[in-house]
Amino acid sequence: MKNKLITIEGIEGVGKTTAVKVIQDYLIQQQREFILTREPGGTEMAEQIRKILLTPHAEKITPEAELLLMFACRAQHIENIVIPALQADKWVICDRFVDASYAYQGGGRQIDMAKIQMLDQWIAGTIQPDLTFLLDASPEIGLARAKNRGTHDRIEQEKLDFFERVRHVYLKRAEKFPERFCVIDATQTLEKVQHELTMKLDELFASTHYAH
């Protein structure tokens, strides 16, 4: 079977942490070896860059610097975590991946998508998710939920229109890559969200066994 990379995407407050737990429990049940990782971050150095990216600073980080730092993180993460895990025949569950750069830096920061695509091809190349769960909710709902989590990082402090652009690009990418994306309405009950996640994972496993 080819790479087994599952990514979870969405704006703030849509329940990505809960989704990750559902996927984790599913793979344990299936007795599959897996690693759980995240972007930005995942390695010691990438986690240091994550702190720079997410901590509010007196000095404003330019959109270009933000994009390049994200891909610097990603380069370390893919080389040191994702590729070795896939080569060791482990599943990889990643909280955010390349789609987040298109959504946040392309949509939110309004950077030219062609520049992001160039970095994507250079840094990620053929390492693409087999399945991407996009947990979708309006920014009003997501940000209202995120408020309950205490202090906000630098990106979480952005205004509503920023997250509207982020969400728009996420949904556009889901339309562009329907074979990879599974869009889940994050405003449903937790039980319904869990059910949809599990159904899609069942499909992925069925196709895996068939291919094998």
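Every number in this text was worked out from the coordinates using simple rules, so none of it is lab data. Predicted, not measured: the structure shown is a model, and the values here were computed from it. Neighbour counts are summed over all protein chains in view; Cβ atoms, including those assigned to glycine, are modelled from backbone coordinates with ideal geometry.
How much length, in nm to one decimal, is gained on full extension between HIS57 and LYS90, taken as 0.36 nm per residue of separation minus their Cα-Cα distance? Walk me through the numbers before you get to the answer.
Values: separation 33, 0.36 × 33 = 11.88 nm, distance 3.76 nm.
Gain on stretching HIS57 to LYS90: 8.1 nm.
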So for the chain, averaging the separation of alpha carbon pairs under 8 Å that are six or more residues apart and normalising by length, what relative contact order in percent results?
33
If we count other beta carbons within 10 Å of each Cβ, what is the order of PHE181, PHE205, PHE133, fewest first?
PHE205, PHE181, PHE133
Descending semi-axes in Å of the chain, equivalent ellipsoid built from Cα gyration tensor:
26, 21, 16
What are the ³J(HN,Hα) couplings of region 165-172, residue after residue, when phi is run through the Karplus curve with 6.51, -1.76, 1.60 and θ = phi - 60°? Round to Hz, x for glycine and proline.
5, 4, 4, 4, 5, 4, 5, 5
The alpha-carbon center of region 178-211 and that of region 58-89 are separated, in whole Å, by 27
About its Cα centre, how strong a charge dipole does the chain have in debye, to the nearest 20, once Lys and Arg get +1 and Asp and Glu get -1 at the Cβ?
140
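In region 1-43, which GluC sites (Glu not before Pro) fall in coil by DSSP and have 13 or fewer other Cβ atoms within 10 Å?
Numbers: sites: GLU9, GLU12, GLU33; in loops: GLU12, GLU33.
Passing both the DSSP loop test and the Cβ count: GLU33.
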Share (percent) of C-alpha pair distances in region 14-114 greater than 18 Å works out to 54
To test your reading of the geometry: what angle, between 0 and 90 degrees and rounded to tens, separates the Cα axis of helix 190-211 from the longest principal axis of the chain?
60
Most exposed first by the Cβ proxy, i.e. fewest other Cβ within 10 Å, how do SER138, SER101, SER207 rank?
SER207, SER138, SER101
Once you have all Cα-Cα distances for region 67-144, histogram them in 5 Å bins from zero and send the whole-percent values.
3, 13, 23, 23, 18, 12, 6, 2, 0
